[in-house]
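The values are calculated or read from the model by the stated rules, or taken from the named source; none is laboratory data. In this text, all values refer to a predicted model and were calculated from it rather than measured experimentally. Positions of Cβ are backbone-derived with ideal geometry, glycine not excepted, and every protein chain shown enters the neighbour counts.
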Amino acid sequence: MKNLVDASQTVSLSDPALINFFNPGKTWSYVSADKALEHSDLYAVISLISSDLARADFNSAKKSVQGLINNPSPLTNRAAFWQAMYAQLLLDGNSYAYIWRNINGTPLYLEYLRPSQVQVKLLDDGSGLVYDLTFDEPSVAMKTNVPASDMIHFRLMSKNGGKTGVSPLYSLTVELSLQDSSNSLARDALSSAINPTGILKLNKGSLLNAGQKAATRQSFVDANKGASGPLVLDDLEDYVPLEIKTDVSKLLDSTDWTGDQISKVYHVPKDMTGTESEHSNIEQVIQQYNTTIGRYSEPVVSELENKLHSDVSVDVKQIIDIDGSRLEKRVRGLRLDGIISSELAQEILLRSNSDVLTQQDIDAALSAGKPIIPPATEKTSKGGEPDGGTGSY
């Protein structure tokens with residue numbers, strides 16, 4: 001059997017010593033997940049996408065499958081488990097979970113596995129994949145040649161026909177290395193910078209040694225510490241405050257350039273990570289992010305359907321429209337354009353996650369004898385004249 005995943009392709013959340021990627025210059029350089037997450041831009045993107053995907057509702061008509069999706073592990077809650085799976089997927093390009101089954105073969109729960117616990121192999125005849133697994137619990141023995149049907153294996157872009165994924169960190173090796181160097185340079189510049197608050201000149205006509213200068217400076221500071229009024233100097237002293245313009249801020253700005261590269265690699269608009277772009281449009285930003293969520297949710301849906309033998313759909317309203325305000329705007333536009341009726345508009349809002357109109361609101365209005373549908377009005381043309389339409393739209 002051929003090993004499909006070696007140490008040079010593995011990124012683990014808890015194994016920073018693993019060598020993951022070699023740069024084009026053939027020098028021994030690697031990016032571990034722990035090291036990568038020390039970069040705030042990368043942490044922000046991974047945290048954003050993984051937490052949003054964990055909020056999405058993955059639905060199956062099969063009761064047992066839905067139960068496994070809602071309660072995947074006895075060790076943690078649904079959100080924490082799936083966020084860990086998605087975070088590992090974004091870091092490594094692969095994420096794994098073993099399907100524990102009962103004696104009848106029915107899935108009981110999933111066990112999250114780090115990439116360092118998994119070895120993926122191709123059967124000699126090329127008919128399928130098998131997995132060698134190790135577990136953290138000493139009482140659980142190593143499993144070899146585990147069939148793919150007993151594994152949840154999410155993958156991103158692949159170079160070997162979809163057998164294993166490629167980590168997005170591969171494309172950021174140079175950028176993250178350069179940012180480390182830039183950050184070190186900025187820290188050195190700040191720590192070694194000379195930032196005096198002013199110049200104290202003594203008009204004694206003689207040279208002072210280092211000890212005398214230090215004593216004079218400290219004496220001046222002690223004498224004027226906490227002074228809220230003008231300073232009192234004698235004829236032998238002159239004090240001039242300094243205004244220093246420094247390029248340290250420019251140096252610090254230069255350390256942020258990799259944020260653009262990280263956003264590009266993960267297809268996340270910069271506005272979503274707290275950095276406003278020059279020509280940002282909120283609708284365009286949301287639409288771009290919706291597309292990104294779709295890119296990352298499709299591999300998940302496809303794998304769950306393949307391994308759990310059930311149709312699975314994903315509802316992302318909790319990600320892209322948490323209060324239903326965008327849906328309300330779209331429904332209003334359809335109603336004003338005469339495409340849907342007021343009754344249908346209400347039905348859509350009641351079935352959605354909109355917090356403006358609820359069934360309780362409808363019931364309360366009916367109990368009070370108040371109308372819940374506005375009176376029918378004629379649709380008018382641009383010139384203001386009725387166009388012959390009747391009834392409610």
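On the basis of being surrounded by 13 or more Cβ atoms within 10 Å (Cβ to Cβ) and at pLDDT 70 or above, does R335 make the cut? Step through it out loud before you land on a result.
On the way: surrounded by 13 or more Cβ atoms within 10 Å (Cβ to Cβ): yes; at pLDDT 70 or above: yes.
Yes: the conditions hold for R335.
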Some residue of segment 100-115 being hydrophobic (A, V, I, L, M, F, W, C) and under 19 Å from N160 (Cβ atoms):
no
In the list D150, D136, which residue meets the criterion of being among the charged types (D, E, K, R), buried (at least 16 other Cβ atoms within 10 Å of the Cβ) and at pLDDT 90 or above?
D150
Which residues, taken from segment 126-176, are charged (D, E, K, R) and in a loop (DSSP other than H, G, I, E, B)?
D136, E137, K159, K163
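Can you find a residue in segment 93-105 that is among the polar types (S, T, N, Q) and touching a His at 6+ places or on another chain (Cβ under 8 Å)? If you could, list the steps in order and put the result at the bottom.
Filtering segment 93-105 for residues among the polar types (S, T, N, Q) gives 94-95, 102, 104.
If we keep only those that are touching a His at 6+ places or on another chain (Cβ under 8 Å) as well, we get 94-95.
Yes: one or more hits.
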